[in-house]
1. Can ALA201 be described as modelled with pLDDT of 90 or more and not in a helix (DSSP H, G or I)?
2. If a residue has to be surrounded by 13 or more Cβ atoms within 10 Å (Cβ to Cβ) and part of a loop (DSSP other than H, G, I, E, B) to count, how many in region 446-458 make the cut?
3. When region 400-412 is examined, which residues are found to be open to solvent by 40 Å² or more (accessible area, probe 1.4 Å) and without any contact (Cβ under 8 Å) to a residue 40 or more places away in the chain?
4. Can you pull out every residue in region 313-351 that is polar (S, T, N, Q) and in a strand (DSSP E or B)?
5. Need the failing condition index for HIS446 against (1) touching a strand residue (DSSP E or B) at 6+ places or on another chain (Cβ under 9 Å); (2) within 16 Å of the ligand (Cβ to nearest atom), just the number.
6. Step by step: first the residues of region 344-375, then only those that are open to solvent by less than 20 Å² (accessible area, probe 1.4 Å) and within 15 Å of the ligand (Cβ to nearest atom), then the one that is farthest from ARG325 (Cα to Cα). Which residue is that?
7. Examine region 180-191 for a residue that is assigned to a helix (DSSP H, G or I) and more than 26 Å from PHE272 (Cβ to Cβ), and state whether such a residue exists.
8. Please determine whether any residue of region 416-425 is closer than 28 Å to VAL344 by Cα, away from the ligand (no atom under 16 Å from the Cβ) and open to solvent by 60 Å² or more (accessible area, probe 1.4 Å).
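The values are calculated or read from the model by the stated rules, or taken from the named source; none is laboratory data. Everything numeric here is computed off the predicted structure, so don't read it as measured data. Please note: Cβ atoms are built from the backbone with ideal geometry, for glycine as well, and neighbour counts cover all protein chains shown. Accessible surface areas use protein heavy atoms only, side chains included; no ligands, DNA or RNA. Shrake-Rupley method; radii C 1.70, N 1.55, O 1.52, S 1.80 Å.
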Amino acid sequence: MTAAKTDTPQRVLIVSSHPLFGQGLRILLRERKEPDVEVVGIVKSVDEAVAAIDRVNPDLVIVDYDDGRVNRDEFLARFVEGARRLRVVLLSLKEGGSEAIVYDRRTLAASQIDDWLTEWNFAEKPSASLAGQAAKEMEQPGLHDPSRTGRSLLKTLMNQDRVIDQRSSNMKHLLSAVVLVIVLSVVMVLTFTQLPLLPAAASLQAQPIDQLFNLHFVLIGVLFSLIVGFMLYSIIVFRRKPGDDSDAEHIEGNTRLEVLWTLAPLAAVIYFSYLGAVALGEVERPDPRPLEVDIVASQWAWRFEYPASQLISNELVLPVNQQVRFRMVSNDVIHSFWVPEFRVKQDILPRGNNMTRELRVTPSEVGEYTLRCAEMCGELHARMEAPVRVVSTNEFAAWLEETAAMVPEDPIDRGQYWTRQFGCTACHSVDGTRIIGPSWRGVYGHEVQLQDGSVVIADEAYLYESITDPSAKIVAGYQNLMPNLSDQMTEEQIQEIIEYLKTLSE
Ligand code: CUA
């Protein structure tokens, strides 16, 4: 640009009988950042122009291409008679002034005019900014290499078919890209809706959630296609031709497009938040008389309590088509209740201070599912699962009876039963296998090496303390991880567990 500066026209003569054209152009030129252009005159006719050229000695003449009263042919003819070197721009402001078409000009001697009329080429450049366009024209004489477009000015003076050709070619590209986007969208949406992306839905709450999911899949498919479709089309159709090292056209921006692509996503997000609120309302809607089930989560076991039947279970059995209200607490860290087929999920927090969390589910399909902990909760998080069975109302009643009858008569068997119900066996094996805590096999009555180096005999008092105050004595090689479940047990249950543990050393 700085090199071109010495060539920059200083003196501009405007030829137009329309006052708006001349004055408007003068203002636009004056508002340019670099005040290197001076409008030395605005004339209304060819005669005035010829006279002015002699008088003001312009470097550049801008002729109103669309002004019928300025006969540009006559202007050029008179111009031929002179022996001056001039730059001339024919400037068209048709299209209601929203676009300017600037024809290229070269520095010409009068003797070259004959050649110029037959040879001179142009590059039409639609632009939203007349000032920018005119300024560029003047700052960079010879910017448009005539050989690049190879179109005759004269032909264009006859009609503007070429411009229209360019438009219809643009329209063809746009239509092709739009067709590609539509085809891609259909493929994406069909793929998303036909593939089994979600597990089976087995609760009433799953319905509004899946509706939202499916709507999102459609939106994702269309948005993906819109972006990738136009991108693919441009990469393939407008790729650089061999040997073409020209720069791309500079694009300034498009206010209408920017407003559109700001408002459309905003409206979509607001609409989806509305849909989300409606769905949440449906998912959380309480039934007046739900089945109550209390859930106790601990590292790394689940316990299910049925308060109405005073039952404890390690298996979650639910009647179909009845809402269940889960009240959930954790004995240690944060866990999370998640049965994928029910869709809903709820974090479970350590007990105390109203930390009980509620979740309502209405199982709608008889079947067997798996409850998974969905919150990273330590070493065996991945194995913190429990079976879930959704059964008919009759089967559920039968199961309640069966389970109630399953509590063993014999105190030692009962002790074993409690260790399973309270989830102790998730961490303690009975066969000597090391899991998270020490195995119970052969512990009672034997020496136990503790973390602090001391050795104790595992008597009844030791076992009792280890259940009611688990962190009091830590066995060497193990961590202090065990939750204190004793306040959830009766004294009788604790004694029965100890009796059972004794039998493991026989
Ligand atoms: Cu409990 Cu993960």
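1. So ALA201 fits the description; yes.
2. Total satisfying the criteria: 2.
3. GLU401, GLU402, ALA405, MET406, VAL407, GLU409, ASP410
4. Once the filter is applied, which keeps residues that are polar (S, T, N, Q) and in a strand (DSSP E or B), region 313-351 yields SER313, SER330, SER336, GLN346.
5. (2)
6. Step by step, filter region 344-375, then rank; the result is CYS373.
7. yes
8. Checked region 416-425: at least one residue is closer than 28 Å to VAL344 by Cα, away from the ligand (no atom under 16 Å from the Cβ) and open to solvent by 60 Å² or more (accessible area, probe 1.4 Å).
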